[in-house]
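Below is one structure, written out as structure tokens; comments come after it.
The values are calculated or read from the model by the stated rules, or taken from the named source; none is laboratory data. Note that the structure is a prediction, hence the values are computed from the model and not measured. Note: ideal-geometry Cβ built from the backbone for every residue, glycine included; neighbour counts use all protein chains shown.
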Amino acid sequence: MTQGKPIDILLVENDPAHAEAVRRAFEGAGTHPRIRLARTLREFREAVAADPPDVALLDLDLPDGRADEVLTTPPEAGLFPILIMTSYGNEQAAVELTKSGALDYVVTSPEAVSDMPRRVSGALRIWAFLQEHKRTEEVLRESEERYRDLVEHSNDLICTHDLEGRILSGNEAASRMSGYSAELFLGKNMADFLEPEARGGFKVYLEFIRSTGRASGVMRVRTAAGDTRYWEFTNTLRTEGVAAPIVRGTARDVTDRILAEKAMRKSKKELEALSREFHAVLDAIPDNITRLSPDMNVVWANRASAAELKGKPADLSGCHCFKRRDDPDHPNGKCPVLRTFRTGESDYEIITSPDRKMWEVRTIPVKEGERVVNVIEVGRDITEHRRMEENLRQARKMEAVGRLAGGVAHDFNNMLNVILGYSEVALARLDPGAALARDLQEIRKAAQRSADLTRQLLAFSRKQIVVPKVVRVNDAIAEQMNMLRRLIGEDVRIDFLPSEDPGNIRIDPSHVAQILANLGVNARDAITGVGTITIETSNIALDEAYCREHDFQNPGEYVVLAFTDTGAGMDAETLERIFEPFFTTKGVGKGTGLGLSTVYGIVKQDGGTINAYSEPGIGTTFRIYFPRVREEAEGCVEPAREAAPVGTETVLLVEDEEQILSLVAQILEGHGYRVLSTRLPEEACRLAERHDGKIDLLLTDVVMPGMNGKELQGRIAALRPGVKTLFMSGYTANAIAHRGVLDEGVAFVQKPFTVRSLSEKVRSVLDS
């Protein structure tokens, strides 16, 4: 309700005199609401569907039912507050109605009618409070879910315990770090993790945190496997908002750091005695470990660090590290070693070396008293880690763009279905030579081209429904070569070099043609004059290390399709964006930017991975990896029907889009079927229950308000055992498909459909 706008009241009352009395009550109160009158529940529902009111006043007993049929529990689950009126009643009736979702219950009398403006005003205030409370609860729930997700996926141990040390909660990292299952971890006391000789100090810790509210430090713990580990912890006491005081804590396993610090604090004599063994251990560590003097000379380096500094450990002693690593005149300005010498504290920095590697550098001071005499520098190559992070960000960006593209395609599919369907219906009624028929043909062609674009968007966003089959990849490609040569033209030679037996893959057969066509057109446009396209197939077995490095989901056997052209190639900046929808380097009107994004979506939906390699002036290679399957290949060509099939069966049609509902009903009736149609799933159930004759087929949209198509199928099947079902939709829905792959045994027709494709599918399902 907008401020300053009159209150919109929907009054549902069969008694004209009582309705007029209510209207006069509002006028007498000096308010001037908009009052609409409905006499039955049916009129109430129609008025709400057309224009929901701010508040509704309903007489309890109406000609076609009781008002409590439209109540929601709780009241705020509805669209607006509802007040129930009746000329009789008691306290029990009032309690029952308010439990059912009425915001107020009015026993009508002259006094109650006069008081109606005040009752309505009060109900609106309560309604506003309930809505605000509902929004607040939703915000809190979302906040709690985000916090829970953060806690559960943290690499650090996060837990709570009471002031006796009993553990109350713990995240996944707590189980991983302690070695105990979640159930066993919760049954522990924090003292159980300490060495026996250290448990006496635990009481001191409890007293300290009880008095100060905060404690931090390093504790030595024993895991379930008997290993001794060091946890760096920070704990705080919480007393507000809880039934009893609790301690919240985080801990991080710092065993490696603590052991290194302890080793550095050993005496020179002990260090000399253990030097050979200690150095052997450090030499085995892949991280770069270097000990540096205040003038930045190398005192000692492990083998990994020496290799990075292009020398042997013994040769580096006395050399300036920066002369081998960075600028030959002075150290890197971000060098954390210099900062540690200045501050005496450990430090941390991310540094990019001249060879473009990224390093995570940590420093540890070696002190004599308060003076820093050396600094231990530990460098870890995180180049690959950062590359994987960038790949993850790119994948998330592509997923977000895909969701947007899929949503746009879904909405357009419904509109295109209306344009395409009605143009076909109109064409069927006209002489093919008529001028109007030619115009309609152009409309139909434009709609079909638009439908092709939406299919490309759905392919990219992986929201198309597919029916995968096992195919021989060599055969599938060979069947498309004539199409590909016609598409590419004579100036570009196409070489197909199949391996002897690359194996079978599971894919929707139409996807092979889409992949080759889109890659072919892209290659043709990249080649100036004559050129060559080479298509190759092969097998490859990928191990866990390769999959981890190259972002493959699972190790195993793959069938590789390589598509190479001798075109202009691409620079690195262009290569990063080639799979984004609508991104194109072609001129205006020469490309939609959907070709490669379509290939990307298809490959991902079929469980594969695609990589691109290109350099300016060299050409481009796309390598597509499909999981190899051991099943035998299936036949995938269905014979076409000679004529559009007809029938006389009864079809229950359910579609929430009014124009599509009308179109489909007209098509089916034009092919001889009897059609029972409705926009509402609940109404479809009532039609199925009341219809006297047989219902042969349920034809339903998948995504509808209130009830999806799969749920409706279950309801109708209970009322009409044996009825067959055909689903229709403009995009994938989990109700009938898993990750875009159609559930087994489900009949489906994709929007936008033609008159012929719909009639053939209906006939096919009825005949099955």
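Based on this model, can you work out whether G635 counts as among the small types (G, A, S), surrounded by fewer than 16 Cβ atoms within 10 Å (Cβ to Cβ) and modelled with pLDDT of 90 or more? Judged against the criteria, G635 is not a match. Given the structure, is D696 among the acidic types (D, E), free of Cβ contacts under 8 Å to residues at least 60 places away in the same chain and in the same structural domain as F753 (by TED's automatic domain parsing)? So D696 does not fit the description; no. Filtered by the rule that a residue be touching a strand residue (DSSP E or B) at 6+ places or on another chain (Cβ under 8 Å) and exposed (fewer than 11 other Cβ atoms within 10 Å of the Cβ), the range 221-246 gives a lone residue, T228. Looking at the range 543-565, which of the residues that are buried (at least 17 other Cβ atoms within 10 Å of the Cβ) and touching a Pro at 6+ places or on another chain (Cβ under 9 Å) is nearest to E490 (Cα to Cα)? Within the range 543-565, the match that is nearest to E490 (Cα to Cα) is L561.
Of these, P681, P721, which one is over 20 Å from R45 (Cβ atoms) and either surrounded by fewer than 19 Cβ atoms within 10 Å (Cβ to Cβ) or outside the structural domain of E46 (by TED's automatic domain parsing) (or both)? Within the list P681, P721, the selection yields P721. Can you tell me which residue is farthest from the chain's Cα centre (by Cα) among those in the range 149-174 that are loosely packed, with under 13 Cβ neighbours inside 10 Å and either farther than 15 Å from L186 by Cβ or modelled with pLDDT under 85 (or both)? My answer is N155.
Yes or no: the range 665-676 includes at least one residue that is modelled with pLDDT under 90, hydrophobic (A, V, I, L, M, F, W, C) and out of contact with any helix residue (DSSP H, G or I) (no Cβ under 6 Å at 6 or more places or on another chain). Checked the range 665-676: no residue is modelled with pLDDT under 90, hydrophobic (A, V, I, L, M, F, W, C) and out of contact with any helix residue (DSSP H, G or I) (no Cβ under 6 Å at 6 or more places or on another chain). Just to be sure, is K761 surrounded by 17 or more Cβ atoms within 10 Å (Cβ to Cβ), charged (D, E, K, R), at pLDDT below 80 and under 29 Å from S423 (Cα atoms)? So K761 does not fit the description; no.
For L184, the criteria (1) under 26 Å from K262 (Cα atoms); (2) surrounded by fewer than 15 Cβ atoms within 10 Å (Cβ to Cβ) hold in every case but one, which is (1).
Restricting the range 681-704 to residues that are under 20 Å from V749 (Cα atoms) and part of a loop (DSSP other than H, G, I, E, B) leaves a set whose member that is modelled with the lowest pLDDT is V703. Selection of the range 1-42 for residues being closer than 20 Å to D59 by Cβ, of a type in the set (V, I, T) and not in a helix (DSSP H, G or I) yields I7, I9, V12, I35, T40. Cβ-Cβ distances below 8 Å connect the following pairs, each with a first residue in the range 520-535 that is assigned by TED's automatic domain parsing to the domain that holds L487 and at pLDDT below 90, a second residue that is assigned to a loop (DSSP other than H, G, I, E, B) and of a type in the set (A, V, I, L, M, F, W, C), and a separation of six or more residues or different chains: A526/A568; I527/A568; T528/A568. Looking only at residues of the range 195-226 that are out of contact with any Phe, Trp or Tyr (no Cβ under 6 Å at 6 or more places or on another chain) and among the aliphatic types (A, V, I, L, M), we find that the one that is modelled with the lowest pLDDT is A198.
Scan the range 372-395 for residues that are closer than 30 Å to T598 by Cα and modelled with pLDDT of 70 or more and the total you get is 7. One residue alone among P468, P498, P509, P502 is at pLDDT below 80 and farther than 27 Å from E424 by Cβ, and that residue is P468.
Results for (1) assigned to a helix (DSSP H, G or I); (2) touching a residue at least 24 places away in the same chain (Cβ under 8 Å), shown as yes or no for each residue.
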residue: Q659; (1), (2): yes, yes
residue: G672; (1), (2): no, yes
residue: L712; (1), (2): yes, yes
residue: A718; (1), (2): yes, no
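Within the range 721-745, the set of residues being modelled with pLDDT of 80 or more and either within 17 Å of D508 (Cβ to Cβ) or under 25 Å from the mean Cα position of the chain (by Cα) (or both) comprises F727, M728. Of the residues V204, V218, the single one that is hydrophobic (A, V, I, L, M, F, W, C) and exposed (fewer than 12 other Cβ atoms within 10 Å of the Cβ) is V204.
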